[in-house]
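The values are calculated or read from the model by the stated rules, or taken from the named source; none is laboratory data. Computed from a predicted model, the values in this text were never measured in an experiment. Methodologically, a virtual Cβ is constructed for each residue, glycine included, from the backbone with ideal geometry; neighbour enumeration extends over all protein chains shown. Heavy atoms of the whole protein, side chains included, go into the accessibility calculation; ligands, DNA and RNA do not. Shrake-Rupley method; radii C 1.70, N 1.55, O 1.52, S 1.80 Å.
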Amino acid sequence: MSNKMWGGRFESAPDEIMEEINASIEFDQVMFRQDIAASRAHVAMLSEAGIVTKEDAAAIGAGLDQVLGEIESGKFEFSRALEDIHMNVESRLTEIVGPAAGRLHTARSRNDQVAVDFRLWVRDAVDALDGQLRALQQALAETAASHAATVMPGFTHLQPAQPVTFGHHLLAFVEMLGRDRGRLRDARRRMNECPLGAAALAGTSFPINREMTARALGFDRPTANSLDSVSDRDFALETLSAIAICATHLSRFAEEVVLWTGPFFGFLKLSDKFSTGSSIMPQKRNPDAAELVRGKTGRMIGALSGLLVVMKGLPLAYSKDMQEDKEGVFDAVQTLSLCLAAVTGMVRDMQPDVDAMRAAAGIGFSTATDIADWLVRRLGMPFRQAHHVTGRVVALASSRGVGLDQLTLDELRSIEPRFEVDVLDVLGVEKSVSSRASFGGTAPANVSAQAAKWLDLLSGELPA
Ligand code: ARG
């Protein structure tokens with residue numbers, strides 16, 4: 001049997017392998033709601049514009065509803081011979097409505113159909129991810145609020161640098177996720193133009209009303225160039241790029257969970273709910289969820305590079321290569337969604353070991369900068385010189401095998417005679433963090449205020 005959709009020009013059916021490589025129904029069936037919504041909008045417009053009679057339009061509309069119901073209830077039989085979701089829906093519609101169903105495809109093509117369906121799908125996905133990102137920000141900000149004054153080591157080069165608070169560290173991720181949401185919102189705003197009516201590539205000779213279909217589908221406006229409408233997938237690339245960046249943020253958080261739950265750090269505990277055991281080593285508690293969040297980042301970044309490579313050599317307008325745009329996007333969206341749920345679960349589950357963090361905060365002469373700052377503040381010493389003097393203080397403590405806060409005033413004065421007794425005050429880790437009260441700094445008062453600001457902002461948004 002030759003093809004129902006283009007059989008006029010063809011005498012025989014495709015080769016088995018042609019059918020297999022050509023079909024996308026196995027994955028693009030997830031767009032059935034978008035496909036049917038776009039067809040409903042299209043036929044309503046065709047009827048309004050007098051291109052299709054009211055009767056045919058009503059029959060097609062009712063038929064589309066029936067198809068939707070059949071798919072939703074799992075009764076629909078998808079056929080690989082019908083290639084993709086567009087032809088599967090239209091073929092079933094024809095069985096239900098009869099030849100009038102053939103009028104639905106007036107003034108459109110699968111090229112603008114797939115462009116509109118995919119945009120609608122990605123737009124929904126972006127909205128769902130935004131809700132999940134909001135929930136994760138909320139979990140992080142709540143934990144930050146209760147640990148605004150919990151002192152822990154801050155690192156650079158993964159070496160002890162200066163003490164910070166746990167709340168401050170968590171809020172760093174709230175900021176990153178805020179920008180991730182901004183990137184998704186930007187992508188959404190740019191993608192929210194309707195390509196329907198671009199038809200195959202050149203537009204159509206029928207008097208269609210593209211404003212009407214755009215509005216019906218929740219788009220801001222119709223796209224302005226028919227070639228661009230069916231050729232570009234930059235909306236998917238932008239979304240994948242935002243996903244890849246967000247995944248990278250989650251991966252860095254996950255890496256810290258892996259490090260911090262291990263015995264060498266011992267800063268965090270995950271309950272049995274978020275730990276796994278080993279089949280051979282009875283003592284093990286592994287942070288598998290965190291490792292998988294870190295690992296899955298690879299495939300999300302891969303989806304972005306994959307689609308960039310698909311697109312880079314394509315002449316305008318549509319080429320079938322573009323059918324390769326979907327699986328990576330579907331997988332990346334689903335994967336990020338899973339990772340966001342897992343990280344939110346871990347944040348709500350994790351118990352910080354406040355004493356271990358506090359004890360580690362003083363390791364590695366972490367308050368050395370506070371001594372240098374004292375020399376600048378109290379003696380008016382240029383910072384570079386203060387840095388040098390403090391270096392000698394650190395060397396002394398190191399050679400004696402003690403921490404900075406265990407040095408006596410006399411020992412400090414052997415290096416700089418103008419040291420006063422109040423320098424001993426700046427050596428404690430609590431003092432150190434509370435002194436960093438510059439805007440954006442780690443002082444507990446700042447952290448509390450920032451956590452409160454975020455919680456207020458987040459509670460003003462609709463929950464996920
Ligand atoms: N399944 C196709 C895709 O995903 C739909 C568009 C087909 N267009 C065409 N001219 N063959 O891209």
_Calculate the FRET efficiency for PHE439 and GLU11 from the Cβ-Cβ distance with a Förster distance of 60 Å, rounded to the nearest 0.05._
0.20
*log10 of Debye I(q)/I(0), alpha-carbon scatterers only, for region 80-171 at 0.14, 0.16, 0.18 Å⁻¹*: -0.70, -0.81, -0.92
*If each of GLU430 and VAL30 carries a label point 7 Å out from its Cα toward its Cβ, how far apart are those two points in nm?*
5.2 nm
*So what's Rg/Rh here for region 133-191, counting alpha carbon atoms and using the Kirkwood radius for Rh?*
1.14
_Using 27 Å as the Cα-Cα cut-off, could you pick out the over-long pairs in LYS284/LYS431; LYS431/LYS453; LYS75/LYS320?_
LYS284/LYS431; LYS75/LYS320
*Based on a Kirkwood Rh over C-alpha pairs, give the Stokes-Einstein translational diffusion coefficient of the chain at 20 °C and viscosity 1.002 mPa s in µm²/s.*
81 µm²/s
_Once neighbouring chains are kept in place and the probe is 1.4 Å, which whole percent of the accessible area of region 302-372 is contributed by carbon and sulfur?_
58 percent
_Starting from the 7 Å offset along Cα-to-Cβ, what nm value, one decimal, do you get for the label separation of LEU409 and SER459?_
4.8 nm
_Keeping all protein chains in place and using 1.4 angstrom, which order do LYS296, LYS312 fall into by accessible surface area, from largest down?_
LYS312, LYS296
_Average silhouette area of region 164-283, convex hull of alpha-carbon atoms, in square nanometres_ = 12.4 nm²
*asked:* Assuming 0.36 nm per residue, please report the length gained on full extension of the stretch ALA202 to ASP124 beyond their Cα-Cα distance.
replied: 25.3 nm
*asked:* Show log10 I(q)/I(0) for region 313-464 at q = 0.12, 0.13, 0.19 Å⁻¹, two decimals, from a solvent-free Debye sum over equal Cα scatterers.
replied: -0.73, -0.78, -1.18
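Once fully extended, how much extra length lies between ASP321 and LEU292, figured as 0.36 nm per residue of separation less the alpha-carbon to alpha-carbon distance? Please list the in-between numbers first.
On the way: separation 29, 0.36 × 29 = 10.44 nm, distance 3.08 nm.
Roughly 7.4 nm would be gained on extension.
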_Once the Cα gyration tensor of region 293-358 is diagonalised, semi-axes √(5λ) in Å_ = 39, 12, 7
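With the other protein chains left in place, how much accessible area per residue, in square angstrom, belongs to the chain at a 1.4 angstrom probe?
About 48 Å² of surface per residue is accessible.
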*Report, please, the projected area of region 179-218 averaged over directions, based on the convex hull of its C-alpha atoms, in nm².*
3.5 nm²
*What 222 nm value per residue comes from the helices of the chain, counting each DSSP H run with n ≥ 4 as -39,500 (n - 2.57) and dividing by all residues, nearest 500 deg cm²/dmol?*
-19500 deg cm²/dmol
